[in-house]
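The values are calculated or read from the model by the stated rules, or taken from the named source; none is laboratory data. Here the structure is a predicted model, which means the values were calculated and not measured. As a convention, Cβ positions derive from the backbone with ideal geometry for all residues, glycine included, and neighbour counts pool all protein chains shown. Just so you know, the surface numbers come from the protein's heavy atoms only, side chains and all, with ligands and any DNA or RNA stripped out. Shrake-Rupley method; radii C 1.70, N 1.55, O 1.52, S 1.80 Å.
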Amino acid sequence: MKYLKTGQDAATIAANDTTVKNTVEGILADITARGDVAVRELSERFDNYRPENFRLSEAEIQEAIAAVDPRDLEDIRFAQTQVRNFAQKQRECILDLEVETLPGVFLGHRNIPVNAVGCYVPGGKYPMVASAHMSVLTAKVAGVKRVIACAPPFNGKPHPAIVAAMHLAGADEIYVLGGVQAIGAMALGTQSILPVDMIVGPGNAFVAEAKRQLYGRVGIDLFAGPTETMVIADDSVDGEICATDLLGQAEHGPTSPAVLLTTSEKLGRDTLAEIERQLAVLPTADIARIAWDNYGQVIICDDDEELVRVADDIASEHVQVMTRDPNYFLNNMKNYGALFLGARTNVAYGDKVIGTNHTLPTKKAARYTGGLWVGKFIKTCTYQRIETDEASALVGEYCSRLCLLEGFAGHAEQANIRVRRYGGAGAA
């Protein structure tokens, strides 16, 4: 490998993570101790927002929807149709099971939706309307009974398009509440907000850390931190499209990594030059510039095989593949949040409209998990049933001996009593 550009070192990143951890720890402790009072103070402190009630009434929801341009509503409905269609197809793949493994022995599993889910929709710097589709709608397709949704205020009030998207996606309760205080209120509960069983949705580093600290008390979708993007390209494309796809995700936030892997040093240098040109005119350059300067990388590899090795090691959230044979990467890559194959597609399609979910693993979590999908909201729970005396006695004999092998006499007696009762006259 050859680096044309590197980002911040690991020690600096670790120091930043420690600061975030300590801040979040204090906020969650405050919410645990003081509930609504703490949430109200935190909302005023961080968002300058202190309403009479954080939960929107039906009238306030309809008022927000009425403020959305009809074309924008049409676009939201189109995007939700795509997300719903794909989620429903995924749900159809998740099947209950029952099988007779021995004569009279039946094993099975049932797929049971989580009962209550809290969905976070980021909306501070950018109103992330699409996150409502990805979380609320997907949870409803999975069969979740109670779905609540939180988004921070935008310019001091609820963002109409976010409220519309939450409502159209099927949210049962909508709160105008942001950041760690939203995550804490949903997970821990307050005097006015009943707690949920699971928290989902993307967010900044503080939101991700709040989910990490609350994991175990509630379930989470995954540790979704700052957006990451990787472009894998060869000389079949040019620097302009590579730079566009890198900066298109770097604008998410000042800590968003953007990485180019390429077998062409010329393309790497062309991309670096094109990034500088685009940053001079990009409206979000104030954010994208910081992300690119601190977290951007350009890495030159010898061949496609090395591209795969390096990409799997980085395990990026989004991987845009623009090479002569993008299917090579589909067939060989193992660690990624989502793949975008060929120059005709791109990460923004996945973020906003095409139908796949945009809540994806970051910080190398793609090594062990995929992104948010209907299956994340479903518990696969097993059961067993024995219908004959002979089967119970047969299994009991094996079970008794295996329990004693491990020294569990009480376990063994659970088996022995059944062998005696169901094993017939010759049973011990």
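Taking every DSSP bridge with both residues inside the chain, close to 35 percent are antiparallel.
Taking the C-alpha atoms only, the angle from helix 160-169 to the longest principal axis of the chain is near 30 degrees. Put simply, the C-alpha atoms of the range 25-110 give a gyration tensor, and the ellipsoid matching it has half-axes of 43, 28, 11 Å, longest first. Between GLU100 and CYS381, the modelled label-to-label distance comes to 2.6 nm, taking each label 7 Å out from Cα in the direction of the beta carbon.
A Förster distance of 41 Å, applied to the separation of the beta-carbon atoms of TYR398 and GLU92, puts the FRET efficiency at 0.65. The magnitude of the dipole of the range 222-310, with charges of +1 and -1 set on the Cβ of Lys/Arg and Asp/Glu and taken from the Cα centre, is near 420 debye.
With Cα atoms as the point set, the radius of gyration and Dmax of the range 230-308 evaluate to 11.9, 37 Å.
Over 26 Å apart at the Cα level, from the set LYS211/LYS363; LYS89/LYS364; LYS2/LYS363; LYS21/LYS145; LYS5/LYS364; LYS352/LYS376, are LYS89/LYS364; LYS21/LYS145.
Across every pair of non-identical alpha carbons in the range 356-421, the mean reciprocal distance, once inverted, gives a Kirkwood radius of 15.6 Å. The convex hull defined by the C-alpha atoms of the range 97-246 has an orientation-averaged projected area of 14.2 nm². If you plug the beta carbon distance of LYS125 and THR6 into 1/(1 + (r/R0)^6) with R0 = 30 Å, you get a FRET efficiency near 0.70. Calculated accessible area for the range 244-377 comes out at 42 Å² per residue, all protein chains present (probe 1.4 Å; ligands, DNA, RNA ignored).
Rounded to the nearest angstrom and listed largest first, the equivalent-ellipsoid semi-axes of the range 22-69 from its Cα gyration tensor are 29, 12, 9.
P(r) tail, the chain: Cα-Cα pairs separated by more than 42 Å, 27% of all pairs. About its Cα centre, the chain has a charge dipole of approximately 1100 debye under the convention of +1 per Lys or Arg Cβ and -1 per Asp or Glu Cβ, with nothing else charged.
Computed from Cα positions, the angle between helix 265-279 and the longest principal axis of the chain comes to roughly 70 degrees.
Working ranking of peptides 244-255, 24-35 by packing, defined as the average number of other Cβ atoms within 10 Å per residue, highest first, is 244-255, 24-35.
Ranking THR244, LEU222, ALA233 by Cα position along the charge dipole of the range 215-267, where only Lys, Arg, Asp and Glu carry charges on their C-beta atoms, puts LEU222 farthest toward the positive end.
The apolar share of the surface of the range 89-198, taken as the fraction of accessible area on carbon and sulfur atoms (1.4 Å probe, ligands and nucleic acids excluded), comes to 58 percent. Taking every alpha-carbon pair within the range 1-158, the share separated by more than 23 Å comes to 61 percent.
With the biggest extent put first, the Cα atoms of the range 288-374 measure 38, 34, 28 Å across the principal axes. What are the chymotrypsin sites (Phe, Trp or Tyr not before Pro) within the range 319-428 that DSSP puts in a loop, where the Cβ has at most 11 other Cβ atoms within 10 Å? Listed in order of number, the matching sites are TYR368. Counted residue by residue at 0.36 nm each, then reduced by the alpha carbon distance between them, the extension gain from GLU240 to ASN332 reaches 30.4 nm. Relative to the Cα centre, the charge distribution of the range 298-415, modelled as +1 at Lys and Arg Cβ and -1 at Asp and Glu Cβ, gives a dipole magnitude of about 640 debye. Computed over the range 307-428, the convex hull of the alpha-carbon atoms projects to a mean area of 13.0 nm². Between the listed residues ILE314, GLY337, GLN191, the Cα displaced farthest toward the positive end of the dipole of the chain, a dipole computed from Cβ unit charges relative to the Cα centre, is found at GLN191.
Selection among ALA59, ILE287, SER135 by position relative to the dipole of the chain gives ALA59 as farthest towards the positive end (Cβ unit charges, Cα centre).
D by Stokes-Einstein for the range 79-149, Kirkwood Rh over Cα pairs, 4 °C, 1.567 mPa s: 91 µm²/s. For the range 67-83, backbone phi angles converted through the Karplus equation (6.51, -1.76, 1.60; θ = phi - 60°) give residue-by-residue couplings of 7, 8, 4, x, 5, 5, 4, 4, 5, 4, 5, 4, 4, 5, 4, 5, 5 Hz, Gly and Pro being listed as x.
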